[in-house]
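Please read the structure below before turning to the comments.
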Amino acid sequence: MGVLLIQIDENDFMEVKELITRNYAGAKVITVNQLPGDTDWLLSMTEIPDLLDRLINTAGEPAVQRVLHYINCHFRRSLTLEEVSSEVHLNPVYFSQWFKQKTDCGFKEYITHIRLQEVRHWLLNSDHTINWIAEYVGYQDTAHLSKLFRKHFGLAPGMYRQKIRNERQASR
């Protein structure tokens, strides 16, 4: 059992209440007295598994998919937990836990994975320098990229490129 408090506009109260009670058997929606000088309502909802997933979905698009799409489109620049969590209207601390639960991967770990896959793509499909590739995918420090790449793929980026090219030539 859990309790979730959310603040909503009084005009949206009936719509949200209907959405919750229709989708979650046993859900209880109650209003709390208005706060002094405040026209918003607070809802307390209990026994609602996956409520946040439903409430943070937009136009039927699952929130996880929205977040992954956002990261995949913007990973080349410095993404913060605060920025990405705001895409699904979650507190950054809660978002971090939610993201790990939904993807089995931490937020920074996921961004690193996406960037390294992009580095790998450019190494194998272009003659761009490692400095160019590093900067293109969002790493300002080539040494840092090399360290991460070596840890993930077992070789430094230049050596990895050469090894794959040699293997491709040998198989022709």
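Based on this model, can you work out whether Leu123 counts as farther than 18 Å from Leu68 by Cβ and surrounded by 14 or more Cβ atoms within 10 Å (Cβ to Cβ)?
For Leu123, the condition - farther than 18 Å from Leu68 by Cβ and surrounded by 14 or more Cβ atoms within 10 Å (Cβ to Cβ) - is met.
In region 75-128, how many residues are in contact with a His (Cβ under 6 Å, 6 or more places away or on another chain) and over 25 Å from Arg161 (Cα atoms)?
Of the residues in region 75-128, 0 are in contact with a His (Cβ under 6 Å, 6 or more places away or on another chain) and over 25 Å from Arg161 (Cα atoms).
Could you list, in sequence order, all residues of region 142-172 that are among the β-branched types (Val, Ile, Thr) and more than 30 Å from the chain's Cα centre (by Cα)?
Listed by number, the list holds a single entry, Ile164.
Out of the residues in region 150-172 meeting the condition of being of a type in the set (A, V, I, L, M, F, W, C) and assigned to a helix (DSSP H, G or I), tell me which one is farthest from Ala134 (Cα to Cα). Walk me through it before giving the result.
First, the residues of region 150-172 that are of a type in the set (A, V, I, L, M, F, W, C): 153, 155-156, 159, 164, 170.
Then keep just the ones that are assigned to a helix (DSSP H, G or I); that gives 153, 159, 164, 170.
Numbers: Phe153: 16, Met159: 15, Ile164: 19, Ala170: 28 Å.
My answer is Ala170.
Would you be able to say whether some residue in region 91-103 is basic (Lys, Arg), touching a residue at least 60 places away in the same chain (Cβ under 8 Å) and surrounded by fewer than 17 Cβ atoms within 10 Å (Cβ to Cβ)?
Looking through region 91-103, none of the residues is basic (Lys, Arg), touching a residue at least 60 places away in the same chain (Cβ under 8 Å) and surrounded by fewer than 17 Cβ atoms within 10 Å (Cβ to Cβ).
Considering every residue within region 70-93, establish whether at least one is among the hydroxyl-bearing types (Ser, Thr, Tyr) and outside any helix (DSSP H, G or I). Break it down into steps so the answer makes sense when it comes.
From region 70-93, those among the hydroxyl-bearing types (Ser, Thr, Tyr) are 70, 78, 80, 85-86; that's our starting set.
The next check asks that each one be outside any helix (DSSP H, G or I); those that pass are 78, 80.
The answer is yes, given that some residue of region 70-93 is among the hydroxyl-bearing types (Ser, Thr, Tyr) and outside any helix (DSSP H, G or I).
Can you say whether Ile133 is within 14 Å of Phe75 (Cβ to Cβ) and either loosely packed, with under 13 Cβ neighbours inside 10 Å or touching a helix residue (DSSP H, G or I) at 6+ places or on another chain (Cβ under 8 Å) (or both), as far as the supplied structure shows?
yes
Assuming Arg66 fulfils every condition listed in (1) assigned to a helix (DSSP H, G or I); (2) surrounded by fewer than 19 Cβ atoms within 10 Å (Cβ to Cβ); (3) modelled with pLDDT of 95 or more apart from one, which condition is it?
(3)
Quick one: which of Arg115, Arg172, Arg150, Arg161 is farther than 24 Å from His74 by Cβ, among the charged types (D, E, K, R) and in contact (Cβ under 8 Å) with a residue 12 or more places away in the chain? Show your work before the answer.
On the way: Arg115 fails: farther than 24 Å from His74 by Cβ; Arg172 fails: in contact (Cβ under 8 Å) with a residue 12 or more places away in the chain; Arg150 fails: in contact (Cβ under 8 Å) with a residue 12 or more places away in the chain.
After applying the criteria, what remains is Arg161.
The values are calculated or read from the model by the stated rules, or taken from the named source; none is laboratory data. As the structure is a computational prediction, the values presented were derived from the model and not from experiment. Every residue, glycine among them, receives a Cβ derived from its backbone with ideal geometry; neighbour counts consider all protein chains shown.
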